[in-house]
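Asks: This structure is in structure tokens; I'll ask about it shortly.
The values are calculated or read from the model by the stated rules, or taken from the named source; none is laboratory data. A quick note: this is a predicted structure, and the numbers were derived from the prediction, not measured. Cβ coordinates were reconstructed from backbone atoms using ideal geometry, including for glycine residues, and neighbour counts include every protein chain displayed.
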């Protein structure tokens, strides 16, 4: 078993990019299931996902985990966005939510 070298939250699009470089014959069952899943649900390319994640962290003061959640879900309204951020148990100002929506729309 390989040693974990780095632990980092990544979006579904980034997982798809990584697993897309692996020969399907070399994948174990979990990798195949994961690749099938991300192939169905990752709807933007990994470059856009990485850029969106970076912007959300920098401009909206989100953690990497929070930004990955937003990149994966890509809420389309303030109400939908609030339903996700509510679970984070921290106050997010309306102007920050608006900025988050703007970043999401720029990359959709």
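Asks: With (1) assigned to a helix (DSSP H, G or I); (2) modelled with pLDDT under 95; (3) surrounded by 13 or more Cβ atoms within 10 Å (Cβ to Cβ) as the list, and residue 97 as the residue in question, which single condition is left unmet?
Replies: (2)
Asks: Pairs please, first residue from segment 30-48 and in contact (Cβ under 8 Å) with a residue 40 or more places away in the chain, second anywhere and surrounded by 14 or more Cβ atoms within 10 Å (Cβ to Cβ) and not in a helix (DSSP H, G or I), Cβ atoms under 8 Å, 6+ apart in sequence or on different chains.
Replies: Partner pairs satisfying both residue conditions: 44/74; 44/107; 48/107.
Asks: Another question, if that's okay. Is it fair to say residue 40 is more than 17 Å from residue 105 (Cα to Cα), in a loop (DSSP other than H, G, I, E, B) and out of contact with any helix residue (DSSP H, G or I) (no Cβ under 9 Å at 6 or more places or on another chain)?
Replies: It is false that residue 40 is more than 17 Å from residue 105 (Cα to Cα), in a loop (DSSP other than H, G, I, E, B) and out of contact with any helix residue (DSSP H, G or I) (no Cβ under 9 Å at 6 or more places or on another chain).
Asks: If you go through segment 86-108 one residue at a time, do you hit one that is free of Cβ contacts under 8 Å to residues at least 24 places away in the same chain and under 10 Å from the mean Cα position of the chain (by Cα)?
Replies: No: zero hits.
Asks: Tally time: how many residues in segment 56-79 are in a helix (DSSP H, G or I) and either surrounded by fewer than 13 Cβ atoms within 10 Å (Cβ to Cβ) or in contact with a strand residue (DSSP E or B) (Cβ under 9 Å, 6 or more places away or on another chain) (or both)?
Replies: Number of matching residues: 3.
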